[in-house]
Structures are given as structure tokens and as C-alpha cells.
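Scroll down for the structure; my scribbles are underneath it.
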Amino acid sequence: MRACRWWIALCLLSSSAGAKDVGSELLWQTNAGGDDIHIIDVGTGALTNRLVVGPQPHGLAATADGRTVFTTIEADGQRYGELASIDAVTLRVMSRGSICREPHALAATPDGRWLYVPCRDGRYWVVDGHTGTVTKQIETGGRPHNTQISGDGRWAFLSPMGGTHDVFVVDIAADHRVTGRIRFGGSLRPSALSADNRYFLQQIDGLTGFQVADLGLGSVIATVEHTTPLGGIHLPFLDHVGRLGIGGLKRCHGLAIRPDQREIWSVCADHVTVHELAGPDFREVTAIRLPANGYWMTFAPDSRYAFIALSEAGRVAMIDTRTKQIVTLLAAGDQPKRNLVLRQAR
């Protein structure tokens, strides 16, 4: 296996002298059209740090204790992208090195030991997060893009775009072996996993909504369509969607389950639709209009707020999950996409 070339970085990835102790929760927001990650104080909305990491930062993942953050640097058009780990307390790069071409939305085990990195070569690269060594490459075909790892660190779920429309289920403890595949109804987009490992949710092209698989059964048990009208939405990618033969306004790109496991939030163009996390119907609760097309989303650890990246607008919508109202629009960088909220580590 090819090992990453890692080295210890002694420089700060920030224009400031060091990390700032400014609040209990911080939003980390990649800016895929630029070269940086914005770190925003959730309590004040203030930008506390801007980490310059390299061209087109794409993926973002963290250890369960919030002390280490991993990011993939896509560097579109280059032979290799990069994988970097950041100390979330000091904001110093602990290690970084070249990896595959165009690394995308990685996921990490809670302890940071294993990183699953989707690569544009049709494979997921499994990296030892402690040594930086690539220990395995899992062939999925298609365009590897999205990844989930269970909260217990036992299972990885690989969702490549195109290809077979299958999610690959990997037993991490069994030498990263593929133990099953779940067939969905279209090209795979963002996904979500319930904390009890019962439900795996998957957005697919051609569906304004998402599909739900029961992991015990290993198959799709529900196709959930949003019923809120989506008329009048401006989709700048409509021509691209049409060329793919998907047609209509049916593209959703942003899916997450509230940490308290009560609701599913699904972003489709300039709406986010909220559903109960309860089968068999996964009842629709409401829909919230966004000021621009949403792209990726995350929640505060206590489920109080949702954060939806508005890539075209360079903003992040902060939404109160109880009132279902937009609280504020946070300024981000160029094309904000992946994001996560971490409690301030000390």
C-alpha cells in the first residue's frame, strides 16, 4: 500500500497568534472555492480564526472528544490532494501529506484511529490516523464522495456517486472488510446514520426527499418524498442536472439527523424539510425556506441549532431547531460546504 508522506508542521494555519478561548461551541466551515476553514463562535457569530489550509478544502471530520480535526484538500486538477490533521485547541497542523487525487468527504472513527477517504480514483482509501499510513483501498467504482462511520467505531458506510447505486457496508474491526451492500434507487448523494445503527438514510438524484434502509434487514424500507411545494426555486445547476437525464427540480444535497435523534433534516435547493425519526412513515413536520440554495448541514451537539451552508451566498444559515426560524446568517468564505460544530476544547 502507498503511504502518505507526513511531516510535522510547526506553523499556525491562522493569521492570529494562536487559538482564542472565546466560547463553548465553534462552527468549523470549509470554503471549497477558496483555501481556508472559517471558525465561528456560535454564541456571538464572530469569526475567531481563519485557517489557510490549501486549495479547495473539502472534507471535514473530528474525533469524538473534539480535540483533533481532519480535513481533505481537494486541489482540483492536481495529481494528488492532501490530508491534514489539526489540533483543535492550538489550531496547529499536527501532520499533513499527499494522498489520492481529489479527496472528498472523509469520516473518522471516534478515536481518530481510522480515516475513510473517498477518492476520485473509484476507491476509498483507509488511513491509519495515528501514523498516516494508507492500510487499504476499497474498490467501489463510481465517484466516491460521501462517508459515514457509526458512533461505536465499528462500521463504515461508503456512498459513491454513480456506479451501482449501492452503499458499501464495511466491518472496520474485521480488517476493513466489505460485509454487505444496500441498493438504493439512484445515484447516491449525502447520507445520515441513526445513533442506534438502525436506520441509514440516503439522498439520491431524482428524488425530492430521501430513502431509508433498515440496517437489520439490509434493504430500503421507505422512500420519503417532501410534500412542501418547491415552485419558484432558482437552480443554477438545472442545466447540468438535465444533461444527466435526471430532469425536473429533484435534487437534494444535505441530510442530517439531530443529535437528540428526534428529527431528520433534509435540504433540497432553497428549502430544508423536517421529518420525524420514526418509521414507518417518517412524518413530515414542516419546511423552512432558505434565502439561497443549501448545500451541507450540521447541528450543535445539544441539538439547539442547525447550520446550513449556503454555498452560492457565502453564508451559513443558523436555525433554531425548536422554533424552526432562521436566527442569523453567518458570514463564511468562498463556497462554504462541509461543516461541523465542536465544543471548545481546553
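The values are calculated or read from the model by the stated rules, or taken from the named source; none is laboratory data. What you are looking at is a predicted structure, and each value in this text was computed from that prediction instead of being measured. Cβ atoms come from the backbone with ideal geometry, glycine included; neighbour counts cover every protein chain shown. For the accessible areas, the whole protein counts, side chains as well, though only heavy atoms, and no ligand, DNA or RNA atoms are used. Shrake-Rupley method; radii C 1.70, N 1.55, O 1.52, S 1.80 Å.
Stick to the Cα atoms of the range 66-186, pair each with every other, and give me the Kirkwood hydrodynamic radius in Å at one decimal. Can you show the working numbers first?
Details: mean 1/r = 0.0693 Å⁻¹.
Hydrodynamic radius (Kirkwood, Cα only) of the range 66-186 equals 14.4 Å.
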So for the range 281-322, averaging the separation of alpha carbon pairs under 8 Å that are six or more residues apart and normalising by length, what relative contact order in percent results? 30 percent
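When the accessible area of the chain is split by element with a 1.4 Å probe, what percent falls to carbon and sulfur? Walk me through the numbers on the way to the answer.
Values: 6580 of 13620 Å².
Summing carbon and sulfur atoms, their accessible area is 48 percent of the total for the chain.
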Taking the Cα centre of the range 153-220 as origin and charging only Cβ (+1 Lys, Arg; -1 Asp, Glu), how large is the dipole, in debye to the nearest 20? 20 debye
Is there a quick way to get the dipole size of the chain? I mean about its Cα centre, with the Cβ of Lys and Arg at +1 and of Asp and Glu at -1; what is the value in debye to the nearest 20? 360 debye
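Quick check for you: with a 1.4 Å probe and neighbouring chains kept, what is the accessible area per residue of the chain, in Å²?
Details: 13620 Å² over 346 residues.
Accessible area per residue: 39 Å².
Report relative contact order for the chain in percent, whole number only (criteria: Cα-Cα under 8 Å, sequence separation at least 6). Working shown, then result.
Numbers: 997 pairs, mean separation 44.9, N = 346.
Answer for the chain is 13 percent.
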